[in-house]
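To start, the structure under review is shown below, and the notes come after it.
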Amino acid sequence: MEKKKLYPENSNGKNKINRRIFLTSIGNTATGIVLLGSFGVTLEYLSPNVLLEIPKIFKVGPVNSIQPNSIIYEPEQRTFVIRDEQGYFYALSAVCTHLGCTTKWNDSGAAGNPNAVISCPCHGSLFNKRGEVIQGPAIRALDKYRIQLEEDKLVINTAEKVSEDEMILKV
Amino acid sequence: MKILNWLAQTKIWQSIFRTKLPISTNLDKSLVIFNSLTLHIHPVKVRLRAIKFSYTFYLGMISFFLFVLLIVTGILLMLYYQPAIPHAYNNMKDLEFVVSNGSYLRNMHRWSAHLMVITVFLHMLRVFYKGAYKPPREFNWIIGIVLLIITLLLSYTGYLLPYDQLSYWAVTVGTNIVQYIPIAGEKIRFLLLGGNEIGEYTLVRFYVLHCVILPLFMVLLIALHFWRIRKDGGLS
Ligand code: HEM
Ligand code: FES
């Protein structure tokens, strides 16, 4: 059976373009461009430009009112601010690295493990006071945020995640 | 009876219903279907086996019935619900404790939703074990899979609307799972939430998905699903 071709061919096998094919192609191309454009515009529209979300930078202090070996939990930013035994500061995200629930600090530990001071209510991940994983399903340690001293207050920036060597603020 | 007979003779009746009454012969019966919109989805004749309970367990029809129930109760719930923080949660409490029969309606909607997920799934199992997915019905199986996905998405988007603790954390966990999609994950999460965290925009987005976009797709696909059953030669 002879196959029907979308476009008729010349005797030399090249596609023949007549007026109808020419105009249809232009029409189809124009429609395609408009559709693609509307799709792009719609996609852009779907991303909000102004968000009324909580500020990334917040202050805690004054420092000398915070006892060594204590923690402050900031529920708005979901952040633990910790002063350790030596009096150094660091800030840990309270957002579980498994699927984003808010973890809870419990000084006496959880699940019979006194080191598991941070625990997640959703699927039971446990972390130590440095935010390292003790028990899954989480596989990544809690995020550490940049913490700096400004006059007598601590400034924490939740937009800036830092590595283990940079997490400690010595005062 | 006399009034009915007279009614059936009037011009108004005859302009609405094309079939001449009374319906007595088999031809008359087939004309009822033949002369109506139903013809597009329902044939004039069906095999006895196709309407036997033990063949389909009516699971598809039960799913469809639940869907209709969900539309009706859903529209009624919309009259007392505002997709805004903190109204959403308070509206739900009002529905439970203040609005007459509100908790009845809400429970109808909720239980039907749970049931529909189960019946759609069982319907799929039935189709699978009866081999009803085989050609020429393979495309209807694909439509069915999309229907299952839409059913699950409707469940999931509806879950946020009460805006209680369960809602909040289920959506936190769910959108974080979405985030693990390669390349586009972060962007899809941002678009779903309308931001980086669950907030006002998230609630509105889920509301629009739950009440407009997903039901619309569902209705279109169910129509296609039914029409295909007929065009594929009725139930297998
Ligand atoms: C919203 C969900 C759905 C609705 C309302 C629905 C509705 C129906 C109805 C009323 C029937 C007639 C037979 C029966 O009652 O069992 C049917 C048949 C069928 N359905 Fe569905 N369905 C849905 C989902 C699915 C799913 C998830 C699948 C599979 C992936 C599927 C595949 C099929 C196939 C292949 C047939 C033809 C069966 C045959 O010829 O024996 N459907 N559907
Ligand atoms: S979200 Fe914390 S364990 Fe799953």
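At q = 0.07, 0.13 Å⁻¹, what base-10 log of I(q)/I(0) does the Debye formula yield for the protein assembly as shown when every alpha carbon is treated as an equal point scatterer in vacuo? Result of the Debye calculation: -0.59, -1.23. The Cβ shell under 13 Å around B:Gly195 holds other residues with a net charge of -1, Lys and Arg each +1, Asp and Glu each -1. What are the GluC sites (Glu not before Pro) within segment A:122-171 that DSSP puts in a loop, where the Cβ has at most 16 other Cβ atoms within 10 Å? Here the sparse-neighbourhood loop sites are A:Glu132, A:Glu151. Quick one: grab the alpha carbon gyration tensor of segment B:177-236, order the square roots of its eigenvalues as a ≥ b ≥ c, and give me rounded if a/c is under 1.5, else prolate or oblate depending on whether a/b is larger than b/c. It is oblate, given that a/c is not under 1.5 and a/b is not larger than b/c. Taking all protein chains together and a 1.4 Å probe, the residues A:Lys153, A:Lys170 rank A:Lys170, A:Lys153 from largest to smallest accessible area. Using a probe of 1.4 Å, the accessible surface attributed to B:Leu235 totals some 50 Å² when neighbouring protein chains are kept in position. What percent of all Cα-Cα pairs in segment A:57-162 falls into each 10 Å bin, going from 0 up to the bin containing the maximum distance? In whole percents, the pair-distance histogram is 16, 48, 29, 6, 0.
Partner shielding of A:47-54 amounts to 4, given as the average count of beta-carbon atoms from other chains within 10 Å of each residue beta-carbon. When each of the peptides B:80-91, B:38-49, A:138-149 is scored by how many other beta carbons lie within 10 Å of its residues on average, the order from highest to lowest is A:138-149, B:80-91, B:38-49.
In terms of distances greater than 19 angstrom between alpha carbons, the cross-link table entries B:Lys134/B:Lys231; A:Lys56/A:Lys161; A:Lys144/B:Lys187; A:Lys129/A:Lys170; A:Lys59/A:Lys144; B:Lys45/B:Lys134 yield A:Lys144/B:Lys187; B:Lys45/B:Lys134. Taking the C-alpha atoms only, the angle from helix A:19-46 to the longest principal axis of chain A is near 10 degrees.
Per-residue ellipticity at 222 nm computed for chain A from its helices equals -6000 deg cm²/dmol, with DSSP H segments shorter than 4 residues left out and the rest contributing -39,500 (n - 2.57).
For A:Leu43, A:Leu36, the ranking by accessible surface with the largest value first comes to A:Leu36, A:Leu43, using a 1.4 Å probe. In chain B, which whole DSSP H runs stretch at least 27 Å along their own axis (Cα) and average 1.6 or higher on the Kyte-Doolittle scale? Membrane-span-like by this rule: B:59-78, B:138-160. Taking a sphere under 14 Å around the Cβ of B:Tyr58 and counting the other residues whose Cβ falls inside, with K and R at +1 and D and E at -1, yields a net charge of +4.
Near B:Trp13: Cβ cut-off under 15 Å, other residues only, Lys/Arg at +1 and Asp/Glu at -1. The net charge is +4. Over chain B, dividing the summed -39,500 (n - 2.57) contributions of all DSSP H runs of at least 4 residues by the number of residues returns a 222 nm mean residue ellipticity of -21500 deg cm²/dmol.
Computed over protein heavy atoms with a 1.4 angstrom probe, the accessible surface ordering of A:Arg19, B:Arg126, largest first, is A:Arg19, B:Arg126. Among A:Gly87, A:Gly131, A:Gly32, which one moves the most in a GNM of chain A with springs linking Cα atoms closer than 10 Å? Highest fluctuation of the listed residues: A:Gly32.
The values are calculated or read from the model by the stated rules, or taken from the named source; none is laboratory data. Because the structure is a prediction, the values reported are computed rather than measured. Ideal geometry is used to build each Cβ from the backbone, glycine not excepted, and the neighbour counts take in all protein chains shown. Accessible surface is based on the protein model in full, side chains and every heavy atom, while ligands, DNA and RNA are left aside. Shrake-Rupley method; radii C 1.70, N 1.55, O 1.52, S 1.80 Å.
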